[in-house]
Structure formats: C-alpha cells, structure tokens
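Engineer: This is the structure I have questions about; it appears just below.
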Ligand code: ADP
Ligand code: MG
C-alpha cells in the first residue's frame, strides 16, 4: 500500500518535494492509527512533520488506511564520536575555553566575512526557504544532522550570503568552535603554496583541526586534479570526525563537469538544496528591506509609490543587480535632490533595464545545448536522426518554445527549415519524457539556469 500511497503523494506534492522529503521516509509500522516512519535526520523529521503530515495522512486514508497521526523517528545509528556527544548544545561557559585553541583568524586561513551578510538581512521567500532553513539548522551548532550541507544555485542568489550568515551566527552561539570559511579558489591557493613551501603537513593538520569547514564555489576545483584529491581527503577526514561541512556551487554535484565521481557522490551524501531563481515577491521583499536601510542613510529622500514594484518586475536577473540598481537610484536621487519616481528610475537605470530585458535567442539556446551534450552546433540544424543528436535537438526546440516568444514555424526555420509539426512533436516528446527521466529533467533545469542568468 505504501508504494501506492507514494505514487499519489508524488502527484500531490510534486516531484521535487517528493524526492527530497517523501522518498527518504521508511514506513516502519502501522498500529492503532499511528503510522510510524523513519527519517534519516532530525531536520527531515521536523520538516516533514511540519509540512507534509497532512498530505501523507490524506493519501493514507484515501488508500483505506485508518491513520490518525504520523510519528517520525530518527534512527540513532550514526556513530557519533564521544567528544561530540559530551559537548553541550549551547555555548559552554568561558572557563571551558580550550587552551589548545590557536589564535583565531590569524591562524585559520579563512576569508574575511562580510558583516552585512547575516540572517537578519537575508530575506526569505519561496525560492530560498529551504536553503535558509537548512543554513539556520547548521548555524545552531548542535550535533551534525546532515553532512555536508550542499547549497547550489545561479549567480547572485545568496549562497555566499548564507554561508557568511552561518559563520556569524556560529561565532555568537558557539564561540568554542573553530569555523573556517573560504572559497575553493583560496583553498587551492593555500594548497599550492603549502606544496611549494614544503609545508603540506601543516596544511593538512590545519584543515583537519577545524570544527566547521565552509567552502564556497566548489565548482572551481573541477579539473584541478591534485587540489581535488586534497579536498577529498580533507573532506573525508572531517566527516569521519563528525565535523560539519558546508559547500556551495553554481550547480548540483552531479552537474559539475570534471569533478571526480567519488567527490560527487560524497557531496551528495548530505542535504543538497538549491536556491531557485528569485520570484517577484522575493525581489520586492529584498527591495523593501534594502530601502529601509537607505531611508536611514538618506533621510528626507522621497520614494514615489510603484517604483519598487517596477524594479521587482523588470530586473529579474539576480539579486546583486537588483541591489546595484537600488543603490544607484538612491545615490543619484540624493545627488540631484529629486524624488525617486518611475521617470527618474527609467532615466538613471537605462542600461540595467535594457540588459535585463535581453531575451534569450534561439541561437544561444542551440549553442548552450550543443555544448552541454557535447554535439556539434551544426547538428542542431542538420538532418541527423540518431538519438544522441536528435534528443539534444529536441531539448533545444523545447527550450526555444519555453524561453522565447517565437512561434513554432519561426522556431522550425531556425532549426534548419523544419516543419512546425516536427517542432511540436519534438517539444511534446521532451514534455513526455521529462517527468519520468530525472537526468533529462535536471539537464533542462540546468540549461534554463544557464540561459536565464
Ligand atoms: P551568490 O554567492 O549566490 O552568487 P551572494 O550571496 O553573493 O550570491 O548574493 C549577492 C548579493 O545579493 C549580496 O549582496 C546578497 O546580500 C544579496 N542577496 C542575495 N539573496 C538575498 C536575500 N534573499 N536577501 C537579501 N539579500 C540577498
Ligand atoms: Mg558567491
């Protein structure tokens, strides 16, 4: 029955939710109206209880199971090092401060933290709520529940902001922990330097002595063999000691080209969450939050109604651009001593608005798709019908329909003069396959992100 209930849940909660939250659940028993499940982590238990108890109960009942409530348990099977267990969940009294603790900051080769990137200044919306919740959980500094936390998403969507926020929060809650944040590029730089100066043992010791390691933009080490190798060992050593690791990248672990398989699979072991492209509400929320800060900075500056809405509607690229626009607008308005109106915004942000209006072209789609599947660009418009070429071509047709305003005959013309029914067939094929083919769905999601950013 659970299998059938799962099929229904897949339909009702959607594929993403299903694979993230429902699929990992194991039904262990059903008795006296209580459906007992096992979830791999406490975080998942809490999240599922809070957000999916209703749909699960509903589908169980629909399948004829007399369930009144669900009970989710977390198995205590992971070997937690003794040291970890005896550690209190809250910051210990200063008297317990470790003597062996080296001078912080000076000794840890981390990157400086941006004081503005805190949880307080992070605006939460649908596209980033999961990533935010997971980051919060890590920032509590309690026992490790998922390892690593892998955050990914397009540029300017808040990955670095969240990682800094975790570090800030941990400094407050758990000053006893050694937290190291750095970019993958810095990791490589340090490693190469250690090699050159024959201090590789020091390097290893240092990286293995931290309690929380955060590596930003890990895609950077793809293709850099010895750095990857070292990263892998550092990663394993820390995980074995029960230390928390947080990683970010611009795409999912499986999508990072030239990254060793064993690293990919290690990265997938914990919780993988993505920051989705912003939606209108989130953009507006961010603008409102930033505006409040600016009001203090530029007292007396007037903001006409509708300006923020206009910006949230028109600037959809990324949060960094959105922020840049607002900064410029306030600076400009205060300089010329005018009220911030729609006209002023249009005048002062012409370039940003124009760039943001840029639509993806079919040629660009064909190029990116060809690149992704490693086929020739000419095959996109050519006549070859083998699957390895036909499928990518159909993906490109599908994306052309999704991302541009071109009609089917127009798309057909750009695909080597194909008939509009051929295009329609290609699009349908992808729509059909996409639901059952995870890899294909991920390919499409990735390409969309690349094309839209
Ligand atoms: P990424 O590392 O994903 O490329 P960043 O974390 O550097 O992106 O974010 C880019 C800018 O946008 C930063 O100034 C950051 O503070 C801001 N930003 C991104 N998301 C949010 C958010 N949800 N709330 C507030 N600011 C945000
Ligand atoms: Mg970043």
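Engineer: How are the Cα pair distances of region 2-73 distributed, in percent, across 10 Å bins from 0?
Structural biologist: 21, 62, 17, 0
Engineer: Roughly what % of DSSP beta bridges within the chain run antiparallel, to the nearest 5?
Structural biologist: Approximately 15 percent, going by the DSSP bridge assignments.
Engineer: Per residue, how big is the convex hull of region 362-452 when only Cα atoms are used? Give it in Å³.
Structural biologist: 81
Engineer: Hey, any idea what Rg/Rh is for the chain, computing Rh the Kirkwood way over Cα pairs? Write down the numbers at each step before the final one.
Structural biologist: Numbers: Rg = 25.2 Å, Rh = 25.1 Å.
Radius of gyration relative to Kirkwood radius: 1.00.
Engineer: For residue 58 and residue 36, what is the calculated FRET efficiency with R₀ set at 22 Å and r taken between the beta-carbons, to the nearest 0.05?
Structural biologist: So, using R0 = 22 Å, E works out to roughly 0.80.
Engineer: Would region 280-357 count as rounded, prolate or oblate if I go by the C-alpha gyration tensor, calling it rounded below 1.5 in a/c and otherwise prolate when a/b exceeds b/c, oblate otherwise?
Structural biologist: It is oblate, given that a/c is not under 1.5 and a/b is not larger than b/c.
Engineer: Oh, and also: Kirkwood hydrodynamic radius of region 106-275 from all distinct Cα pairs, in Å?
Structural biologist: For region 106-275, inverting the mean 1/r across all distinct Cα pairs yields 16.0 Å.
Engineer: For the chain, what does the relative contact order come out to in percent, with C-alpha contacts under 8 Å and a separation of six or more?
Structural biologist: Relative contact order of the chain: 12 percent.
Engineer: Per the helix-only calculation at 222 nm, which mean residue ellipticity applies to the chain, given -39500 (n - 2.57) for every DSSP H run of n ≥ 4 and division by its residues, nearest 500 deg cm²/dmol?
Structural biologist: Result for the chain, helices only: -16500 deg cm²/dmol.
Engineer: Can you put 6, 269, 348 in order, fewest other beta carbons within 10 Å first?
Structural biologist: With the sparsest Cβ surroundings first, the list reads 269, 6, 348.
Engineer: So, one more: So between residue 226 and residue 288, what do we pick up on full extension, going 0.36 nm a residue minus the alpha carbon distance?
Structural biologist: 17.8 nm
Engineer: Shifting gears a bit: Can you compute the FRET efficiency between residue 268 and residue 439 using 1/(1 + (r/R0)^6), with r the Cβ-Cβ distance and R0 = 22 Å? Round to the nearest 0.05.
Structural biologist: Taking R0 as 22 Å, the efficiency between residue 268 and residue 439 is 0.95.
Engineer: Computed on alpha carbon atoms, what radius of gyration and Dmax characterise region 119-194, expressed in Å?
Structural biologist: For region 119-194, the Cα-based Rg and Dmax read 13.5, 43 Å.
Engineer: Further question on the same structure: Specify the inter-centroid distance of region 198-238 and region 149-171, based on alpha-carbon positions, in whole Å.
Structural biologist: Value for the Cα centre distance between the two parts: 19 Å.
Engineer: In addition: Jot down the per residue volume, in cubic angstrom and as a whole number, of the convex hull over the alpha-carbon atoms of region 300-453.
Structural biologist: Numbers: hull volume 20.3 nm³, N = 154.
Each residue corresponds to 132 Å³ of Cα convex hull volume.
Engineer: Using only the alpha-carbon atoms of region 162-204 as identical scatterers, what base-10 log of I(q)/I(0) does the Debye formula give at q = 0.21, 0.24, 0.32 Å⁻¹?
Structural biologist: Values, matching the q order: -0.74, -0.80, -1.00.
Engineer: Counting other beta carbons within 10 Å of each Cβ, put 181, 189, 18 in order, fewest first. Working shown, then result.
Structural biologist: Working: 181 24, 189 14, 18 17.
By the 10 Å Cβ count, ascending: 189, 18, 181.
Engineer: What Rg and what Dmax come out for region 174-248 when only alpha-carbon atoms are used, in angstroms?
Structural biologist: So, for region 174-248, Rg and Dmax equal 11.8, 36 Å respectively.
Engineer: Sort 243, 302, 42 by Cβ crowding within 10 Å, fewest neighbours at the top.
Structural biologist: Arranged by neighbour count, lowest to highest, 243, 302, 42 become 302, 42, 243.
Engineer: If you average the C-alpha positions of region 383-429 and of region 257-310 separately, how far apart do those two centres end up, in angstrom?
Structural biologist: If you average the Cα positions of each part, the centres end up 34 Å apart.
Engineer: Given the alpha-carbon gyration tensor of region 214-295, what are the semi-axes of its equivalent ellipsoid in whole angstrom, ordered largest first, with each equal to the square root of 5 times an eigenvalue?
Structural biologist: Largest first, region 214-295 gives 33, 15, 12 Å.
We did not get these values from a lab; they are worked out from the coordinates using the rules stated. Keep in mind the model is a prediction, meaning the values are calculated, not measured. Cβ atoms come from the backbone with ideal geometry, glycine included; neighbour counts cover every protein chain shown.
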